[in-house]
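The values are calculated or read from the model by the stated rules, or taken from the named source; none is laboratory data. All figures in this text were calculated on a predicted structure; none of them were measured in a lab. Note that we place each Cβ from the backbone using ideal geometry, even for glycine, and neighbour counts take in every protein chain shown. Side chains are part of the model used for accessible areas, which takes the heavy atoms of the whole protein and leaves out ligands, DNA and RNA. Shrake-Rupley method; radii C 1.70, N 1.55, O 1.52, S 1.80 Å.
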Amino acid sequence: MASSTSGPCVRVIMQQCLSARLQVQPPSDQKPAEYVEIKRGVILHVAFLKGAALDIIPKVVKAVLNVRLSETDSNSKVSVLELPGDVLIVPQATIGGKLKGKSMQYHTNIAKTEALELYKEFVSLCNKTVSEEAKKADSDVSPQVKWGTYGNRQVLSSCTNGPYTHVLDF
């Protein structure tokens, strides 16, 4: 199925950060909470809307990893790949919501099973791209890609050097 062209089918909120920590598993009686953490880089909140399909994922990944929104120490703008920086991916279907009266509605989101498949592909392609770029750069810095658990409520904390936040629709 091809991606829709009648409106956005993927929404990403992108924010540069100095560090971020995401709870990916809440605590239970048997285990403490589990977290993933990144250092300097970007946080990508992603939602998949009606019309989204696998063929849109490479375009979105290329755009978010190559857009020059990260600041260097000299205040110039570079991509997270050029920084090089870490990437934290947060599944966030709520950013697909629309206000109706005093309530939020999520009728434009795709089904959870479809969104999970797209999310997995998005994470996989981000991870592959960051890894390949790091090998090419032959640097001492080894950027990381971390991601949240799809379908769970998660707790995010971040330290930003901004805020420097952008909404990107594809």
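If each of Ser142 and His166 carries a label point 7 Å out from its Cα toward its Cβ, how far apart are those two points in nm?
In this crude spin-label approximation the distance works out to 3.0 nm.
Can you work out D for the chain in µm² s⁻¹ from Stokes-Einstein, where Rh is the Kirkwood radius over C-alpha pairs, the temperature is 25 °C and the viscosity is 0.890 mPa s?
Values: Rh = 16.7 Å.
Using the Kirkwood radius from Cα pairs, D works out to 147 µm²/s.
Name the residues whose placed amide hydrogens come within less than 5 Å of the amide hydrogen of Cys9, ignoring near sequence neighbours (fewer than 5 apart) on the same chain.
Excluding prolines and chain starts, which carry no amide H, the hits are Phe170.
Could you work out which residue, out of Pro32, Pro58, Pro84, moves most in a Gaussian network model of the chain, that is, has the largest mean-square fluctuation with Cα springs under 10 Å?
Greatest mean-square fluctuation among the candidates belongs to Pro32.
Report the longest stretch of the chain that contains none of the trypsin sites (Lys or Arg not before Pro) sitting in a DSSP loop with at most 16 other Cβ atoms within 10 Å.
Numbers: sites that count: Lys39, Lys50, Arg68, Lys102, Arg153.
The longest such stretch corresponds to 103-152.
Rounded to the nearest whole Å², what accessible area per residue is found for the chain with the 1.4 Å probe? All intermediate terms of the calculation are to be shown ahead of the outcome.
On the way: 9790 Å² over 170 residues.
Result: 58 Å² per residue.
What area, in nm² and to one decimal, does the C-alpha convex hull of the stretch 94-145 cast on average over all directions?
Numbers: hull surface 20.2 nm².
Approximately 5.0 nm², given one-decimal rounding.
Over the Cα atoms of the stretch 1-74, compute the convex hull volume and normalise it per residue, giving Å³.
Working: hull volume 8.9 nm³, N = 74.
It is 121 Å³ per residue.
Quick check: at a probe of 1.4 Å, how many percent of the accessible area of the stretch 122-170 sits on carbon and sulfur atoms? Numbers along the way, then the final one.
Numbers: 1510 of 3240 Å².
The value for the stretch 122-170 is 47 percent carbon and sulfur by accessible area.
Whose amide H sits under 5 Å from the amide H of Ser19, counting only residues 5 or more places off or on another chain, with H placed in the peptide plane?
Cys159
Here are some pairs, Lys112/Lys146; Lys62/Lys100; Lys50/Lys146; which of them have Cα atoms lying more than 31 Å apart in this structure? Don't skip to the answer; put the middle values down first.
Details: Lys112/Lys146 21 Å; Lys62/Lys100 33 Å; Lys50/Lys146 26 Å.
The pairs that break the limit, which is 31 Å between Cα atoms, are Lys62/Lys100.
With θ taken as phi - 60° and the coefficients 6.51, -1.76 and 1.60, list the Karplus ³J(HN,Hα) couplings across the stretch 155-169 in order, rounded to whole Hz; mark glycine and proline as x.
For the stretch 155-169, the Karplus-derived couplings read 10, 10, 10, 8, 10, 10, 10, x, x, 10, 10, 9, 9, 10, 10 Hz, x marking Gly and Pro.
Where Rh is the Kirkwood radius over the Cα pairs of the stretch 40-102, the temperature 25 °C and the viscosity 0.890 mPa s, what D in µm²/s does Stokes-Einstein return?
Rounded to a whole number, D works out at 182 µm²/s.
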